[in-house]
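Notes for the one structure printed next.
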Amino acid sequence: MIQPNGKPSETVENFLKAVYTLQQQEGTSGRVSTNTLSETLNIKAPSVTDMAQRLVTAGLVDYQKYRGVLLTPTGLEIALRVVRRHRLIELYLVRELGYELHQVHEEAERLEHAVSAMFIDSIERKLGNPHFDPHGDPIPTADGIVAERDLISLCELQQGVSACVSRLKTEDAAMLQFVLDRGFKLGAQVQVIGRDPFEGPVTVDVDGQTRVIGANIAATVYVENNEAVPSAEC
């Protein structure tokens, strides 16, 4: 679990990162259920429980039966280090090696456990100390500080209000490519010009082009809106 060199194993890093990622998806720092972790990690629920109990002993999580898993400060520190490696690697692959955005997640998943802190710090300097990865996700600093932004999805953006695409919140390569093919790249200027009821299609002006997308797709596109107006819902 913790290797002789003091570094957590790949299995432990993946588990802690999954807890952190699921918390971020839910917009909370609360507990994550073992069933949700089982689905995310693609392992059986009893194996999740066994891992959680072992990580309690290691001081990395707080696990309570029927209530789920919570990262301890030490567990959070490790999770943020893994997230930092992952996101800097993704950005390096896009900027320096010419990878397409939909290709970088799986590659970074493989590389994030193999590189050293020195290598990651060098990548950070090479890229000019960036704050966000190519999906628009914040890159934790070496000290574990994560930038916060007030973003909303296209489902929440009020009709007629201009906004800037700032985050693409999906790890599904096919869905990500679908979104990009319709012009929703980071920095694109968007405005919702129509929204059908009952989770129907959303019509959006994207850099002057009219696009019609499903509500499920709109929910993955996060924008920065500087106008103080009430949000809408798909």
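The values are calculated or read from the model by the stated rules, or taken from the named source; none is laboratory data. Predicted model only: the values in this text are computed from it and were never measured. Cβ sites come from the backbone with ideal geometry, for glycine too, and all protein chains shown count toward neighbours.
Need at least 3 residues that are aliphatic (A, V, I, L, M) per element, so show me which strands (runs of 3 or more DSSP E) inside segment 108-223 make the cut, counting only ones lying wholly within it. Working first, answer last.
Details: elements: 151-153, 162-168, 189-195, 202-206, 209-213.
Of the strands (runs of 3 or more DSSP E) lying wholly inside segment 108-223, those with at least 3 residues that are aliphatic (A, V, I, L, M) span 162-168, 189-195, 202-206.
Quick check, is residue 124 farther than 20 Å from residue 11 by Cα and touching a Pro at 6+ places or on another chain (Cβ under 9 Å)? Show your work before the answer.
Details: farther than 20 Å from residue 11 by Cα: yes; touching a Pro at 6+ places or on another chain (Cβ under 9 Å): yes.
So residue 124 fits the description; yes.
Are any residues in segment 80-127 out of contact with any Asp or Glu (no Cβ under 7 Å at 6 or more places or on another chain) and under 17 Å from residue 146 (Cα atoms), and if so, which ones?
Correct list: 80, 81, 83, 84, 120, 121, 124.
Given the criterion touching a helix residue (DSSP H, G or I) at 6+ places or on another chain (Cβ under 9 Å), over 27 Å from residue 145 (Cβ atoms), surrounded by fewer than 19 Cβ atoms within 10 Å (Cβ to Cβ) and in contact (Cβ under 8 Å) with a residue 12 or more places away in the chain, identify the matching residue among 49, 34.
Numbers: 34 fails: surrounded by fewer than 19 Cβ atoms within 10 Å (Cβ to Cβ).
So the residue among 49, 34 that is touching a helix residue (DSSP H, G or I) at 6+ places or on another chain (Cβ under 9 Å), over 27 Å from residue 145 (Cβ atoms), surrounded by fewer than 19 Cβ atoms within 10 Å (Cβ to Cβ) and in contact (Cβ under 8 Å) with a residue 12 or more places away in the chain is 49.
Please count how many residues of segment 191-216 are at pLDDT 95 or above, out of contact with any strand residue (DSSP E or B) (no Cβ under 8 Å at 6 or more places or on another chain) and surrounded by 14 or more Cβ atoms within 10 Å (Cβ to Cβ).
Looking only at that region, the number is 0.
Got a number for residues in segment 125-157 being surrounded by fewer than 16 Cβ atoms within 10 Å (Cβ to Cβ), touching a residue at least 60 places away in the same chain (Cβ under 8 Å) and either assigned by TED's automatic domain parsing to the domain that holds residue 194 or in contact with a strand residue (DSSP E or B) (Cβ under 8 Å, 6 or more places away or on another chain) (or both)?
Total satisfying the criteria: 3.
Do the conditions hold for residue 160, that is, is it modelled with pLDDT under 95 and either on the phi < 0 side of the Ramachandran plot or of a type outside the set (Asp, Glu) (or both)? Working first, answer last.
Working: modelled with pLDDT under 95: yes; either on the phi < 0 side of the Ramachandran plot or of a type outside the set (Asp, Glu) (or both): yes.
So residue 160 passes the test.
Inspect segment 169-190 for any residue being out of contact with any Lys or Arg (no Cβ under 8 Å at 6 or more places or on another chain), β-branched (Val, Ile, Thr), under 23 Å from residue 100 (Cα atoms) and without any contact (Cβ under 8 Å) to a residue 40 or more places away in the chain and give the result as yes or no.
yes
Just the residues that are more than 18 Å from residue 124 (Cβ to Cβ) and under 15 Å from the mean Cα position of the chain (by Cα), please, taken from segment 80-102.
101, 102
Yes or no, residue by residue, for (1) in contact with a strand residue (DSSP E or B) (Cβ under 8 Å, 6 or more places away or on another chain); (2) part of a helix (DSSP H, G or I); (3) of a type in the set (Phe, Trp, Tyr):
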| site | (1), (2), (3) |
| --- | --- |
| 35 | no, yes, no |
| 51 | no, yes, no |
| 62 | yes, no, no |
| 66 | no, no, yes |
| 74 | no, yes, no |
| 77 | no, yes, no |
| 81 | no, yes, no |
| 93 | no, yes, no |
| 97 | no, no, no |
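For the structure I just gave you, tell me whether residue 25 is part of a helix (DSSP H, G or I), at pLDDT below 95 and exposed (fewer than 15 other Cβ atoms within 10 Å of the Cβ).
It is true that residue 25 is part of a helix (DSSP H, G or I), at pLDDT below 95 and exposed (fewer than 15 other Cβ atoms within 10 Å of the Cβ).
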